[in-house]
1. Give me V4, V111 ranked fewest to most by other Cβ atoms within 10 Å of their Cβ, as a rough exposure proxy.
2. Could you check the spin-label model distance between A283 and E116? Points 7 Å from the Cα along Cα→Cβ, value in nm.
3. Could you calculate the contour length gain from D19 to E253, that is, 0.36 nm times the residue separation minus the distance between their Cα atoms, to one decimal place in nm?
4. Which one, V274, L51, M294, projects farthest toward the positive side of the charge dipole computed for the chain from Cβ point charges (K/R +1, D/E -1)?
5. Once you have all Cα-Cα distances for the chain, histogram them in 20 Å bins from zero and send the whole-percent values.
6. Can you tell me the dipole magnitude for the chain around its Cα centre, using point charges on the Cβ only (Lys, Arg +1; Asp, Glu -1), in Debye to the nearest 20?
7. For the chain, what number of Lys pairs, 8 or more residues apart or on separate chains, have alpha-carbon atoms under 30 Å from each other?
8. Rounded, prolate or oblate: which fits region 59-198 when a ≥ b ≥ c are the square roots of the eigenvalues of the alpha-carbon gyration tensor, with rounded for a/c under 1.5 and prolate only if a/b beats b/c?
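What follows is calculated from the coordinates using simple rules that are stated; it is not laboratory data. Because the structure is a prediction, the values reported are computed rather than measured. For neighbour counting, all protein chains shown are included, and Cβ atoms are generated from backbone atoms with ideal geometry for every residue, glycine included.
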Amino acid sequence: MIRVEHLTRNYGPRVAVADVTFDVGKGEVLGFLGPNGAGKTTTMRILTGYLPPSGGRAEVAGFDVATQSLQARANIGYLPETVPLYPDMSVRSYLDFMGKIKGARDRRREVDRAMEKARIAHRAGDQIGKLSKGLRQRVGLAQALLGDPPVLILDEPTSGLDPKQIIETRNLIRSLGGEHTLILSTHILPEVAATCSRIVIIANGRVVAEDTPENLDRRLKGAESIAVTVRGPREQVTRTLKSVPRVLSVQAESDGNGKAPAGSLASFTVQSEVGADIREALASAVVQGGFGLMELRPAHLSLEEIFLQLTTTETPETEAAA
């Protein structure tokens, strides 16, 4: 549904986006991440027709965003980070106006549908300028949903929302994933983990990673990790876990003083060879050793840790060119 090939954008001598390539399949929710100044907003502005590329190409719904801009934009619902609203208009009149610009056929029904999806229908008659920032953000989301576009590009969609509204918006984004193709740009990493099936991480204008969070975790650690909690003597349990074939290392969790817990209940991180599923073998070894198996689960790097490992070696640039 979205194809980006060797996309480049220059601001004079400065390269803001350099050789960016990625695809987004139909119905997929893609997280687009990067530090300030990485090139996220520039890439999204090119995709939505706000900026022309300096090189490379991008397609949305089969239309080239540079040479078939009107057709491409007709298939996009865009929520920019700073939502362009008319504060003197009511919610309904603004959405009706935007629906007219977008050429919606049955504007009243379309506006009602968009307000309902964005959870803003109860404020239809309110003046936009008197709404809270969170409610104005939802008006912007309703605007993006007008016309039921197949592609949604959302830049910081939960900015300014309270916790309840954030949860509602995340649920909405997940529900839209089957019927729409979404690109979600955000600085809130748990939001990506909660809503996106795949992520693209960009730094200094270049893609530094593209994969699922789980696969990125494996690539960065070079091993599979399993968290194990066992009731039994720590040293004996450690020897038992190390005896399992394809185990690379066993590390006991430490307490606040930097020492491994000396009590009868201890937690371990077991590293095994990439591609090896040793959970059954670990469970069998623990039980046969006469210990109590309390927990056994995959242990992953957090999205924050993945993000930092991939971007902290880069030199951030100014957000103005992002």
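1. With the sparsest Cβ surroundings first, the list reads V4, V111.
2. The two pseudo-label positions are separated by 4.5 nm.
3. Details: separation 234, 0.36 × 234 = 84.24 nm, distance 4.24 nm.
Extending this stretch completely gives an extra 80.0 nm.
4. Of the options given, the answer is L51.
5. 28, 45, 24, 4
6. Values: 39 positive and 38 negative charges, 135 e Å.
Using Cβ point charges on Lys, Arg, Asp and Glu, the chain gives about 640 debye.
7. 25
8. Numbers: a/c = 1.71, a/b = 1.06, b/c = 1.62.
Oblate.
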